[in-house]
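Take a look at the structure set out below.
Throughout, read-outs are computed from the coordinates displayed, never taken from laboratory work. None of these values were measured; they are calculated from a predicted model. Every residue, glycine as well, gets a Cβ built from its backbone with ideal geometry; the counts of neighbours run over all protein chains shown.
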Amino acid sequence: MQTRMKKILILNGPNLNLLGRREPSVYGERGFEDFFLELRQMYAGRAELEYFQSNVEGVLIDKIQEAGFACDGIVLNAGAYTHTSIAIGDAIRAVTAPVVEVHISNVYAREAYRQHSFLAAACAGCIAGFGLDSYRLAVEALLQAGKE
Ligand code: DQA
């Protein structure tokens, strides 16, 4: 039996366009586009991966609303909006696709204001602290979901 490839959107929020240049001691030295190409190759034939980034809260919400009814899952690193945005939490609740919250750094080992998420309770799960590999782990989780 042939299974349909799952469509997964990777959605990055504010300042994540600067990966590789932004605080490399926290977020690493690799740009996201380069990592994404590798991830796409890694999952070729298993998942259809798309990538979108915005620094604007409303644009992220528009994308969640659009992809959240059209794809099989969203991997979301909302950056600092994680800790501030009730609206993004509501958008996640509004859509049918499961959303996995992702962080490159271990937010629970950082400043107190990074230890609360307005998104986590609306998400299928949360992966934090594994560098860029957090995204791969989230894709893996979405691919495994529903198989058991
Ligand atoms: C981040 C953690 C957030 O606290 C921060 O605002 C970011 C990146 C992470 O991936 O570790 O922008 O989401």
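Just a few scattered comments:
- Residues in segment 47-77 that are buried (at least 21 other Cβ atoms within 10 Å of the Cβ) and in contact with a Pro (Cβ under 8 Å, 6 or more places away or on another chain): Gly73, Ile74.
- Condition met for Asn77 (in contact (Cβ under 8 Å) with a residue 60 or more places away in the chain and polar (S, T, N, Q)): yes
- Among all residues of segment 16-33, there is at least one that is assigned to a loop (DSSP other than H, G, I, E, B), in contact with a helix residue (DSSP H, G or I) (Cβ under 6 Å, 6 or more places away or on another chain) and within 16 Å of the ligand (Cβ to nearest atom).
- Residue in segment 137-147 that is within 14 Å of the ligand (Cβ to nearest atom) and surrounded by fewer than 21 Cβ atoms within 10 Å (Cβ to Cβ) present: yes
- Criterion (assigned to a helix (DSSP H, G or I) and touching a residue at least 40 places away in the same chain (Cβ under 8 Å)) met by exactly one of Leu49, Leu60: Leu60
- Test: residue in segment 80-90 that is in contact with a Pro (Cβ under 8 Å, 6 or more places away or on another chain), within 14 Å of the ligand (Cβ to nearest atom) and within 20 Å of Ala120 (Cα to Cα): yes
- Failed condition for Ala120, given (1) more than 23 Å from Val26 (Cβ to Cβ); (2) in contact with a Cys (Cβ under 6 Å, 6 or more places away or on another chain); (3) not polar (S, T, N, Q): (1)
- Filter pass, Tyr113 being of a type in the set (Phe, Trp, Tyr), more than 23 Å from Asp72 (Cα to Cα) and touching a helix residue (DSSP H, G or I) at 6+ places or on another chain (Cβ under 8 Å): yes
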